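**Student:** Take this structure, written in structure tokens, and hold onto it; I'll ask about it next.
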Amino acid sequence: MLSLVLSAPGQGADPQGVGPVQFLMMSDLHFDPMADPKLVDQLSSAEPWGWPAIFDTSGDRPLARYGADSNWSLLHSALEHAKQVLPKPAFIVVPGDFLAHNFRQRFDVGAADHSSAAYREFVRKMMQFVALQFEQTFPDTPILPALGNDDAVCGNYQLQPGGPFLIDTLPIVRTLVGSPWSPGSDRNWTNYGNYSVMVRGLRIIFPNSVFFSARYRNTCGSPDAADPGTATLAWLETELVAASQAHEGVWLVYHIPPGIDGFTTLRTGSCPDAIVPIWRQTYAAPFAALMRRYSDTIVASFAGHTHVDDFRLLDDDSGYYGFVLITPPLSPIYGQNPAFRTVVSDGAGGLLDQTTYELANLQEAEDGRAAPAWRAEYTFTQEWQLPRIDLASLTHLYAMVADVPEGTCFIRCRAQSTGRRVGERPVRRRSAPSIAPQVMSSCRASGNAIAGTPNRVSDAILTRTEEVSDLRPISAGDRSGVHCRNHFSHSRKPAGHRRFSDRRSR
């Protein structure tokens with residue numbers, strides 16, 4: 001698992017937004033209620049509050065395993081430990097992907113009724129069930145969700161604007177958010193899954209970035225419908241203008257971050273012929289322009305989707321102007337340890353620190369050989385000896401990882417025309433060798449410099465190097481060649497090699 005760090009030294013927060021605020025982030029839940037297919041019909045006929053009792057009747061109740069999505073045991077364990085770590089968070093941010101991968105196919109395997117109506121109702125109940133677990137664990141706490149690409153009844157990357165999923169989830173989301181929800185948000189949610197709220201003096205804006213994805217298709221909607229990506233950008237600009245005029249600080253929370261699509265780019269496990277951007281340029285360029293124009297208003301941005309603990313730096317010819325913090329996943333489907341994080345911010349929305357927590361013994365817990373062992377993996381300011389999490393610190397951290405010690409898995413990309421390093425990510429490997437191509441990526445894409453966070457190497461070192469130079473330009477507007485070195489392996493680390501995390505600031 002790749003992990004970043006955001007921790008929280010303080011407890012509680014001033015209700016007026018003065019003083020530190022501590023909150024929880026948990027992303028990419030990918031909850032799979034069909035982990036035991038024999039229970040699907042019982043779940044379909046029951047109300048969501050009765051689902052735990054049904055899950056408990058299963059004879060197969062281990063925690064989810066590597067290569068699978070989150071089941072009831074894992075979700076319950078994560079929420080219980082999060083409550084121990086932070087009993088009263090100011091709020092909770094969930095950057096999307098509530099539904100398991102291949103949700104419809106898994107439903108059809110276990111369900112007697114395969115109709116679209118039965119499936120839609122099952123999805124609604126599952127969303128309500130997950131919402132109930134958060135509400136019961138953290139009562140009277142605003143829970144702020146974004147939508148992911150798997151969150152739809154039409155299919156992956158196929159959310160229908162104004163469609164059944166958005167209509168069905170409106171009352172669920174309204175209840176989750178609670179008092180910060182404004183009446184005008186009803187229309188924004190049902191139209192496109194967008195909304196914004198004021199929490200402790202900070203405006204938090206949730207643009208649905210799934211519409212920006214190169215993979216998005218409105219296959220269930222009308223071909224004459226308005227472009228949801230363009231509509232979301234227009235709505236976002238309106239929100240930023242209002243925040244700027246009111247001198248409000250802004251956080252952006254969305255599921256899919258801008259920049260490179262590492263999964264697609266490195267699918268083959270070696271440097272590809274071209275860097276694949278994760279968003280369509282139609283949306284990436286105007287979004288980047290908005291981020292630059294309102295860089296004094298946007299304090300921080302948060303995303304999920306990539307299933308790594310990561311950050312990305314946004315830049316143009318004038319330099320860096322923003323960053324995106326990517327929250328690690330709860331789902332261990334790509335071989336990562338399940339994780340969540342706590343974050344502490346100041347009264348103006350600046351990020352003071354964060355801590356990432358991981359389930360360190362998933363294999364033993366899944367086999368029933370041990371109880372789940374959640375632990376604090378690391379804290380940003382302690383790990384990197386940096387004062388806080390802001391653009392200056394992340395830019396400095398990006399420079400710190402330029403010289404990665406031998407024995408670290410990483411990918412490095414340079415723009416050959418300038419020699420300037422534009423991306424690098426040390427990679428944390430766990431027990432699943434298949435994840436290496438999916439989690440290693442950091443190159444220049446769509447005009448953004450993207451950097452991955454360093455992390456402990458664990459037992460992975462490089463044993464093979466593949467080099468490909470003169471990659472094709474990303475787009476007609478980017479004429480810089482790119483040189484990539486892709487290092488990956490799942491070998492054991494030999495004696496004498498330092499762990500990457502042992503090297504602090506220099």
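The values are calculated or read from the model by the stated rules, or taken from the named source; none is laboratory data. Keep in mind it's a predicted model, so treat the numbers as computed, not measured. Cβ sites come from the backbone with ideal geometry, for glycine too, and all protein chains shown count toward neighbours. The accessibility values were calculated without ligands, DNA or RNA, using every heavy atom of the protein model including side chains. Shrake-Rupley method; radii C 1.70, N 1.55, O 1.52, S 1.80 Å.
**Student:** Starting from the 7 Å offset along Cα-to-Cβ, what nm value, one decimal, do you get for the label separation of Arg215 and Thr57?
**Tutor:** Each label point lies 7 Å from its Cα, and together they span 3.6 nm.
**Student:** Classify region 66-212 as rounded, prolate or oblate, taking a ≥ b ≥ c as the square roots of the eigenvalues of its Cα gyration tensor: rounded when a/c is under 1.5, otherwise prolate if a/b is larger than b/c and oblate if not.
**Tutor:** oblate
**Student:** What does DSSP give for region 188-319 in terms of the percent of beta bridges that are antiparallel, rounded to the nearest 5?
**Tutor:** 55
**Student:** What is the set of long-range amide H partners of Ile326 at a cut-off below 5 Å, with H atoms built 1.01 Å from backbone N?
**Tutor:** Excluding prolines and chain starts, which carry no amide H, the hits are Ala303, Asp310, Phe311, Arg312.
**Student:** Going highest first, how would you order 302-311, 360-369 by mean Cβ packing within 10 Å?
**Tutor:** In decreasing order of mean packing, 302-311, 360-369 become 302-311, 360-369.
**Student:** Now, a different point. Is the shape of region 158-255 best called rounded, prolate or oblate, per the rule: a/c under 1.5 gives rounded, else a/b larger than b/c gives prolate, else oblate, with a ≥ b ≥ c the square roots of the Cα gyration tensor eigenvalues?
**Tutor:** Cα axes put region 158-255 in the oblate bin.
**Student:** Right, next: Give the separation of the Cα centroids, region 48-93 to region 135-190, in Å.
**Tutor:** Value for the Cα centre distance between the two parts: 20 Å.
**Student:** Provide the per residue accessible area, probe 1.4 Å, for region 77-202, rounded to a whole number of square angstrom.
**Tutor:** Here the per-residue accessible area is 36 Å².
**Student:** Oh, and also: Please label the shape of region 268-363 as rounded, prolate or oblate, based on the square roots a ≥ b ≥ c of the eigenvalues of the alpha-carbon gyration tensor (a/c under 1.5 means rounded; beyond that, a/b larger than b/c means prolate, else oblate).
**Tutor:** Verdict is oblate for region 268-363.
**Student:** Also, I was wondering about something else. What FRET efficiency would be calculated for the residue pair Asp317, Leu170, taking the C-beta separation as r and a Förster radius of 60 Å, to the nearest 0.05?
**Tutor:** 0.90
**Student:** Another one. Could the peptides 315-324, 285-294 be put in order, highest first, of the mean number of other beta-carbon atoms found within 10 Å of their residues?
**Tutor:** 285-294, 315-324
**Student:** Testing the spin-label approximation: label points 7 Å from Cα along Cα→Cβ at Arg187 and Asp113. State their distance in nm.
**Tutor:** Computed distance between label sites Arg187 and Asp113 equals 3.5 nm.
**Student:** If we count every other residue with Cβ under 14 angstrom of Leu132's Cβ, Lys/Arg +1 and Asp/Glu -1, where does the sum land?
**Tutor:** It works out to a net charge of 0.
**Student:** From the phi angles alone, apply the Karplus equation (6.51, -1.76, 1.60; θ = phi - 60°) to region 106-120 and give each ³J(HN,Hα) in whole Hz, x where the residue is Gly or Pro.
**Tutor:** 5, 4, 5, 4, x, 8, 6, 9, 9, 5, 5, 5, 5, 5, 4
**Student:** How much net charge surrounds Gly350 when only other residues with a Cβ under 10 Å from its Cβ are counted (Lys, Arg +1; Asp, Glu -1)?
**Tutor:** Taking every other residue near Gly350 into account, the sum is -1.
**Student:** Follow-up question, since we're still on this one. Note down the magnitude of the dipole of region 295-359 about its Cα centre, charges +1 on Lys and Arg C-beta and -1 on Asp and Glu C-beta and zero elsewhere, to the nearest 20 debye.
**Tutor:** 300
**Student:** What number comes out for the charge environment of Val241, summing +1 per Lys or Arg and -1 per Asp or Glu over other residues with Cβ under 15 Å away?
**Tutor:** -1
**Student:** Report for region 57-213 the percent antiparallel among DSSP-assigned beta bridges with both residues inside it, nearest 5.
**Tutor:** The answer is about 60 percent antiparallel.
**Student:** Right, another one. Please list, in order, the residues from region 126-167 whose amide nitrogen is less than 18 Å from a point placed 7 Å along the Cα→Cβ vector of Ala242.
**Tutor:** It comes to 145, nothing else.
**Student:** Tell me the relative contact order for region 198-320 as a rounded percent, counting alpha carbon contacts under 8 Å between residues six or more apart.
**Tutor:** It comes to 32 percent, rounded to a whole number.
**Student:** Also: Ordered by packing density, taken as the mean number of other Cβ atoms within 10 Å over each peptide's residues, highest first, how do 180-190, 159-169, 201-211 rank?
**Tutor:** Descending mean neighbour count gives 201-211, 159-169, 180-190.
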